[in-house]
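Below you'll find the structure, written out as structure tokens, and then a few comments.
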Amino acid sequence: MDSLTQIVLGAACGEVALGKKIGNKAMLFGAIGGTIPDLDVILGNLFYSNSIDQLAFHRGFMHSIVFSIFGSVAIAYLVFKLYDSGKRKGTTTLKDWIWLFFLSIFTHPTLDSFTPYGTQLFLPFSDYRVAFNNISVADPLYTLPFLLCVIVAMFFNRKNKKRAFWNWTGITISSVYMLLTIGNKFYVDSVFKESFEKSGIEFSRFSAQPTILNNVLWYGIAETKDDYKVGFYSIFDKENKIKDFISLPKNHELLNMNEGDLKTLSWFSNGYYNLMKLDSAGTYRYNDLRYPLFNAKDKNSSVFSFELEKKGDRWEADQYIDPSMQNEKKMSESFSELIERMKGI
């Protein structure tokens with residue numbers, strides 16, 4: 001999920017592990033631990049010059065169970081050696097720090113796994129991307145109550161029981177909300193599946209996930225032989241069905257997607273993508289269709305797109321924003337339509 005959410009979760013984990021011993025410093029170290037897995041973005045840019053390699057590296061090994069175990073031990077050992085000196089000598093143990101960093105690091109990829117992006121939890125044994133698709137990569141209803149509770153907890157003395165109460169309240173509220181999103185996921189999946197079937201759409205597979213910043217309006221995509229059928233459903237809709245579907249041509253034949261870099265990109269999107277030729281110079285638009293259209297009425301409003309261009313022997317994928325979506329008025333109108341669609345039809 002987004003960085004703020006991971007910081008809050010990491011801080012709460014730090015408090016659970018060491019709050020009674022070192023107070024707010026536990027939250028600080030927990031927040032640092034919760035940020036560590038996302039440092040793979042920086043490391044990916046250092047290790048790789050190719051943008052597709054960088055994309056594949058994120059949520060890779062540093063988001064794995066193996067890294068959570070061995071990384072937490074190594075980091076804890078280093079921090080303990082630096083912390084356990086002077087007046088702080090003997091106030092904490094190595095076990096305390098291992099527990100703090102394991103909790104804050106391991107919960108990061110675990111939380112990421114609930115989003116559509118995909119997390120390679122099982123590296124180096126498998127590059128399977130775990131994605132439960134039940135919560136958006138940024139959801140204020142998950143983050144803000146959690147953040148408020150952690151902030152309140154900070155103002156109490158480390159030995160005050162109210163400090164633990166508020167910290168656990170934040171953890172409980174966020175966890176209950178996560179369970180509700182999982183319930184929504186099961187329900188919405190059944191609505192989409194039944195709607196696809198009743199509409200006579202012969203699909204090989206389908207996926208449903210929430211739209212940005214909410215868990216009310218959901219986006220579903222079904223893969224057919226020649227195209228994708230996509231639709232939207234709000235849990236406030238009066239009928240338990242999707243009334244309108246949009247057809248998105250695959251256009252997979254435009255490029256040889258079995259070619260190294262392009263095959264990686266296809267793997268990254270779990271095969272849910274389509275292609276568009278941008279110009280005669282050999283640049284293409286690659287739409288990652290795991291993520292919804294920003295505007296349900298605009299086929300070109302995919303929120304996660306890349307501009308593909310071959311440079312030498314390698315393909316590069318730079319972030320692409322449709323020119324129409326760069327218009328401030330157009331963006332405002334699309335966002336207003338999104339809000340209205342959330343209210344149900």
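The values are calculated or read from the model by the stated rules, or taken from the named source; none is laboratory data. All figures in this text were calculated on a predicted structure; none of them were measured in a lab. Just so you know, the surface numbers come from the protein's heavy atoms only, side chains and all, with ligands and any DNA or RNA stripped out. Shrake-Rupley method; radii C 1.70, N 1.55, O 1.52, S 1.80 Å.
Worth a mention:
- Accessible area per residue in Å² at 1.4 Å probe, computed on the chain: 49 Å²
- Alpha-carbon Rg with Dmax, taken over region 201-343, Å: 15.8, 54
- Spread of Cα-to-Cα distances over 10 Å intervals beginning at zero, given as percent, for the chain: 5, 22, 28, 24, 14, 6, 1, 0
- Note on Ile321: accessible area approximately 100 square angstrom, rounded to 10, probe 1.4 Å, nucleic acids and ligands left out.
- Under the span-like rule (Cα at least 15 Å along the axis, Kyte-Doolittle mean at least -1.0), DSSP H helices of the chain: 3-22, 24-35, 65-83, 94-112, 140-154, 161-198, 328-342
- Its DSSP H runs of at least 4 residues, each contributing -39,500 (n - 2.57), put the calculated 222 nm mean residue ellipticity of the chain at -15500 deg cm²/dmol, to the nearest 500.
- Once the chain from Asn160 to Lys89 is taken as fully extended at 0.36 nm per residue, the excess over their C-alpha distance is 23.2 nm.
- The apolar share of the surface of region 201-343, taken as the fraction of accessible area on carbon and sulfur atoms (1.4 Å probe, ligands and nucleic acids excluded), comes to 48 percent.
- Legend: Rg and Dmax of region 58-163, from Cα coordinates, 17.0, 48 Å.
- Straight-distance candidates among the lysines for linking to Lys229, with alpha-carbon spacing under 20 Å and chain neighbours fewer than 8 residues away dropped: Lys185, Lys193, Lys198, Lys241, Lys243, Lys250, Lys297, Lys299.
- Computed over the chain: relative contact order in percent, which uses C-alpha pairs under 8 Å that are six or more apart: 13 percent
- Probe 1.4 Å - accessible area at Leu278, Å² to nearest ten: 60 Å²
- Sequence-distant contacts, meaning Cα pairs under 8 Å at least 6 residues apart, place the relative contact order of region 201-343 at 16 percent.
- Here the Karplus curve 6.51 cos²θ - 1.76 cosθ + 1.60, taken at θ = phi - 60°, turns the phi angles of region 220-230 into couplings of x, 9, 10, 9, 10, 4, 10, 8, 10, 10, 10 Hz, with x standing for Gly and Pro.
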